[in-house]
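Enquirer: Here it is, the structure, as structure tokens.
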Amino acid sequence: MVGIVLSAPYIKKILNSYYLWFGLGLSLLIYLIVCRFGLGWSEYINSSNHSDIQTSRAFLLDMCPFLALSICFCAVVDPSRKLIKILAPFAIFGGWITIITIAAGDNEVPELTFKYIFVGTSLNPMYFMMHFINVEIGTLAIVANPRFNKNDLIDCHLFAIFYFLYLFIFHFGLGVEQNITGVSSYDWQYGEYSGVGIALGLSVNQWIITAVLGYAGAYVAIVLIIYLSSLLLKITRYHFCNQPRKRFVTQIKHGYYDLSAKKDKLTSPHFLIKWWMFLTSEIKKI
């Protein structure tokens, strides 16, 4: 993720190619279906007594699997990449929070082996790679188009509202209790989000407080990701000079900096000091 952000001036033009997104989205979509979702759908179809876990996997009631499949599908069918940008903040947050806690959260995996990273376990197929895809594709989408306007912010909220309405149908209508993105008390007491209560020092009986704090923290983190993406746009403006030898120029609030000039390299003290001055001034405005 850090490498993508730092190389943004050099890959932005490539990221504007629909063929890149189509090829990347289609290949990852096939990968996800073969190694994860196809297994879940097959298991659900062939079972006469559906468990909550089977239902969750088949109907994408856990937000991270839903996002992984959705962003890859949108990369194929949406040349404008507007839909991916709306999903990107959710995907980055969900992917990162899971990757950070993945070792403690999966007792089947004593270490990150090659098989675990790319295939997963029988209990959690592609658990690591699915969240890694969320982070990387989400980051690429924001680097390609970091501008969020008011309509984009409204669309982000509408996505969350409609997705949770979809979850409510399964929870209140069909009685699904597990792996349903925290809609049920079970998820916060004993399920995938039980670690939040442990980290906050709350008992299982205080799951309502845990849920409120968990959702509030997730909301703040997602808003922060959106703000930082807009800050990325503010910090750097990318364009080519109309010179015989095309060069990238970065515009910062304090002036123009030619990346081909020795003193203005991204790693030079001259550039980094100016960049840090602008960054700190913007953060103070939060």
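Enquirer: What FRET efficiency would be calculated for the residue pair residue 27, residue 153, taking the C-beta separation as r and a Förster radius of 45 Å, to the nearest 0.05?
Expert: 0.90
Enquirer: Distance from a point 7 Å along Cα→Cβ of residue 113 to each backbone N in region 21-53: keep the residues under 14 Å and list them by number.
Expert: none
Enquirer: Net charge around residue 72, counting only other residues with Cβ within less than 15 Å of its Cβ (Lys, Arg = +1; Asp, Glu = -1)?
Expert: In short, +1.
Enquirer: Okay, next question. Taking K and R as +1 and D and E as -1, what net charge do the other residues with C-beta under 14 Å from the C-beta of residue 62 add up to?
Expert: Spelling it out: positives minus negatives among the neighbours equals -2.
Enquirer: How fast does region 174-213 diffuse by Stokes-Einstein, in µm²/s, taking the Kirkwood radius from C-alpha pairs at 25 °C and 0.890 mPa s?
Expert: 252
Enquirer: Between residue 13 and residue 82, what is the label-point separation in nm under the 7 Å Cα-to-beta-carbon projection?
Expert: 2.7
Enquirer: Here's something else I'd like to know. Using only the Cα atoms of region 108-166, build the gyration tensor, take square roots of its eigenvalues as a ≥ b ≥ c, and label the shape rounded, prolate or oblate: rounded if a/c is under 1.5, else prolate if a/b is larger than b/c, else oblate.
Expert: Numbers: a/c = 4.97, a/b = 1.91, b/c = 2.61.
In terms of gyration-tensor shape, oblate.
Enquirer: Which net charge results for the neighbourhood of residue 193, defined as the other residues with beta-carbon distances under 11 angstrom from its beta-carbon, given Lys and Arg at +1 and Asp and Glu at -1?
Expert: Net of charged neighbours comes to -3.
Enquirer: Which shape class applies to region 79-201: rounded if a/c is under 1.5, otherwise prolate when a/b exceeds b/c and oblate if not, where a ≥ b ≥ c are the square roots of the Cα gyration tensor eigenvalues?
Expert: Cα axes put region 79-201 in the oblate bin.
Every number in this text was worked out from the coordinates using simple rules, so none of it is lab data. Model, not experiment: these values are computed from the prediction. Neighbour counts are summed over all protein chains in view; Cβ atoms, including those assigned to glycine, are modelled from backbone coordinates with ideal geometry.
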